[in-house]
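The structure appears right after this line, and notes come after that.
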Amino acid sequence: VRRFLFCGQEPFVADEYIERLAWRTPGGGSRGGEAFDPKRLLEEFVNHIQELQVMDERIQRKVEKLEQQCQKEAKEFAKKVQELQKSNQVAFQHFQELDEHISYVATKVCHLGDQLEGVNTPRQRAVEAQKLMKYFNEFLDGELKSDVFTNSEKIKEAADIIQKLHLIAQELPFDRFSEVKSKIASKYHDLECQLIQEFTSAQRRGEISRMREVAAVLLHFKGYSHCVDVYIKQCQEGAFLRNDVFEDAAILCQRVNKQVGEIFSNPETVLAKLIQNIFEVKLQGYVKDQLEEHRKSDAEQYLKNLYDLYTRTTNLSSKLMEFNLGTDKQTFLSKLIKSIFISYLENYIEVEIGYLKSRSAMILQRYYDSKNHQKRSIGTGGIQDLKERLRQRTNLPLGPSIDTHGETFLSQEVVVNLLQETKQAFERCHRLSDPSDLPKNAFRIFSMLVEFLCTEHIDYALETGLAGIPSSDSKNANLYFLDVVHQANTIFHLFDKQFNDHLMPLISSSPKLSECLQKKKDIIEQMEVKLDMGIDTLNCMIGQMKHILAAEQKKTDFKPEDENNVLIQYTNACVKVCGYVRKQVEKIRNSMDGKNVDTVLMELGVRFHRLIYEHLQQYSYSCMGGMLAICDVAEYRKCAKDFKIALVLQLFDTLHALCNLLVVAPDNLKQVCSGEQLANLDKNILHSFVQLRVDYRSARLARHFS
């Protein structure tokens, strides 16, 4: 059953097959409502098994028949394959024999060809020699009869013959063959001229193939270089009609580069010769016309033109590097550029420094003239001298205090102009200086910038600002020195930026780097010393505060006549002093940066505290006056917070605690004095504040404090 059903398309499942057979059999019990008849079902199974056995036998016979047929066909196919293999072996043997025979014949043919060539070559030479002797005889007889010499269309053959005769004639003795040698030389020259003329005409007509043929013939003539010269000359006709000679040269070389390989057998040599001609004739003449016009009369225009022309020439050289000009095209083009500019580059830096010096001086002088200011001589001492003057607080080098009328004598416009001139000088220096001289030249330009920007402008403004600082007892003093500091700080940042952006790349790998850094360090230190000398400005600020306190503070502020009718929170003097201090703190923050701000504010804060401390010591305080003093000190302490300096705030905290001694009840004095803020103070200081109380001389107060 399994073998029979496997022949079907679906896989055999025994349970399903039995179930279907039982379902089809009446009495099989699979249909609902039917009685189960096991005998009938068994009979049906037996009959079905017999049918399957008959079917199996029939299929088995068919399978055996097909197997026998397959075995028979396999034997016939194997026999046929053996016969084909034998035929293939025979064919392969025949092929090997044929290959050996062909190789043998080819060897014979090659040998025969060599023998024929050995016989033919001397024969051809003999024929050629015979022809040359025939042509030589014509020259010897003085009459050229051959068609090759009389037919203009055979100029190529005539050139080949005359070139060979010319070589032969050079070997002949002059005394016997002088006349014929002269005739051959004359014909050689005539043909050479005809070929060059033919090349010229073909070039004008644009016939590349004809130019190539003529150039190939002329290659063996002495006049071949003249042919190249003619080609180069004609290439440039009409090529330089625009104002931009460099762009015209690049376009011409691009066009010739595409063409020259189709004409000449050595295109790189011809193209190199064209480029050399352009540089030595066109460019050199153009550069000379542009530079000589301003060389002695206008240094600024001369330097601009030199930079522009040199840049455009090197850019053209970079474009030409794309072409094949031989082995070392970099050196070749560098020599061409040098030949044009060498006379201008030898003394470039001297012209640059001279122009930069005069231009910088003019910019400064024009500025001071616009301010109607006559520059005064300033001190020339070194850093140590400045430090000594700072230590001793001696008079400043400009003598007594002068009135600058609020002018800082610093100009952003002047600075920008000086930095712009120097930037352009650095760019020219980078482009025009020899690599070995670049660091040295860049240092000289930097020295000019230091002289005119730092010394003649910033340093002069600082000296003038120092001289303009009023004395500490001046009234309504204007502290313009802080404006000078602010502008000088801004300008120096610009100076430092140019140092890093434009000078450093030129000197970074040379010994000049350390020299420049040292020079910059000296400049910074010298300016910082002068800024430190400007600390006298703080004396003026303190003087202004003293003046405000003296004018606004009244003795009755702290000992009012009517203790019960005090309507103010703090005194008018306190309001004005705090307003003034806040303005000065803001001004200092705007004028300085970094640690300088904290240093100056700390100094001002300490002096401000000392002033208020001493000021409070001048008055006697009633109970309500003491409360008002505490309010004033509280306001001063708020002002001190603007300093953002811990020490200053601590000093005013302590002062505020001391003022509490002016109002505390006598019984609590010892407790307050032993508090956290006052415990570490000297007893004399505490005593001095207690003495300011109007009730100090009462026995009770003196007893409690003793």
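Where a ≥ b ≥ c are the square roots of the eigenvalues of the C-alpha gyration tensor, would you call the stretch 590-678 rounded, which needs a/c under 1.5, or, failing that, prolate if a/b is larger than b/c, or oblate?
Verdict is prolate for the stretch 590-678.
Please state, rounded to one decimal and in Å, the Kirkwood hydrodynamic radius that the stretch 552-702 gives when every pair of distinct Cα atoms enters the mean of 1/r.
Result for the stretch 552-702, one decimal place: 16.3 Å.
Do me a favour and compute the ellipsoid semi-axes for the stretch 250-382 from its Cα gyration tensor, root of five times each eigenvalue, largest one first, whole Å.
47, 14, 12
If you keep only loop residues by DSSP, which trypsin sites (Lys or Arg not before Pro) in the stretch 15-116 have at most 16 other Cβ atoms within 10 Å of their Cβ?
31
Accessible surface of residue 443 in the full protein assembly, 1.4 angstrom probe, to the nearest 10 Å²?
Estimated to the nearest 10 Å², residue 443 gives 30 Å².
Send over a whole-number figure in Å² for the accessible area per residue of the stretch 552-702, probe 1.4 Å.
Value returned for the stretch 552-702: 53 Å² of accessible area per residue.
Using a 1.4 Å probe on the protein heavy atoms, what percent of the accessible area of the stretch 264-348 belongs to carbon and sulfur?
C and S atoms contribute 46 percent here.
If I ignore ligands, DNA and RNA and count only protein heavy atoms, how much of residue 90 is accessible to a 1.4 Å probe, in Å² to the nearest 10?
Only protein atoms counted, so the area is about 70 Å².
Quote the relative contact order of the stretch 204-272 in percent (integer), defining contacts as alpha-carbon pairs under 8 Å separated by 6+ residues.
38
Find, among the trypsin sites (Lys or Arg not before Pro) in the stretch 289-368, those assigned to loop by DSSP (not H, G, I, E, B) with at most 10 other beta-carbon atoms within 10 angstrom.
Passing both the DSSP loop test and the Cβ count: 296.
Taking the Cα centre of the stretch 552-702 as origin, sum charge times position over the Cβ atoms of Lys and Arg (+1) and Asp and Glu (-1), and report the length of that vector in debye to the nearest 20.
The dipole of the stretch 552-702 has a size of about 260 debye.
Tell me, what ³J(HN,Hα) does each residue in the stretch 606-613 have, in order and in whole Hz, if you take phi through Karplus 6.51 cos²θ - 1.76 cosθ + 1.60 with θ = phi - 60° and put x for Gly and Pro?
In residue order, the calculated couplings are 5, 5, 4, 5, 4, 5, 5, 4 Hz.
Suppose each label sits 7 Å from its Cα in the direction of the beta carbon; what would the residue 193-residue 339 distance come out to in nanometres?
If labels sit at residue 193 and residue 339, their model points lie 3.0 nm apart.
Out of the stretch 621-691, which trypsin sites (Lys or Arg not before Pro) are coil in DSSP terms and have no more than 15 other C-beta atoms within 10 Å?
Qualifying residues, ordered by number: 644.
Sequence gap of 8 or more, or different chains, plus Cα separation below 22 Å: how many lysine pairs satisfy both in the stretch 552-702?
So the count of such lysine pairs works out to 18.
So for 193, 454, what's the accessible-area order with a 1.4 Å probe, most first?
Output order, biggest surface exposure first: 193, 454.
Around residue 621, which amide H atoms from residues at least 5 apart in sequence, or from another chain, sit under 5 Å from its own amide H, with H modelled in the peptide plane?
693, 694
With all protein chains present and a 1.4 Å probe, how do 610, 693 order by accessible area, largest first?
610, 693
Rounded if a/c is under 1.5, else prolate if a/b beats b/c, else oblate: with a ≥ b ≥ c from the C-alpha gyration tensor eigenvalues square-rooted, which is the stretch 575-638?
prolate
Can you sort 408, 654 by 1.4 Å-probe accessible area, starting with the largest?
Greatest to least solvent exposure: 654, 408.
The values are calculated or read from the model by the stated rules, or taken from the named source; none is laboratory data. Quick caveat: nothing in here was measured; it's all calculated off a predicted structure. All Cβ positions, even for glycine, are placed from backbone atoms using ideal geometry, and neighbour counts span all protein chains on display. The protein model used for the area step is the full one, side chains on, heavy atoms only, and it has no ligands, DNA or RNA in it. Shrake-Rupley method; radii C 1.70, N 1.55, O 1.52, S 1.80 Å.
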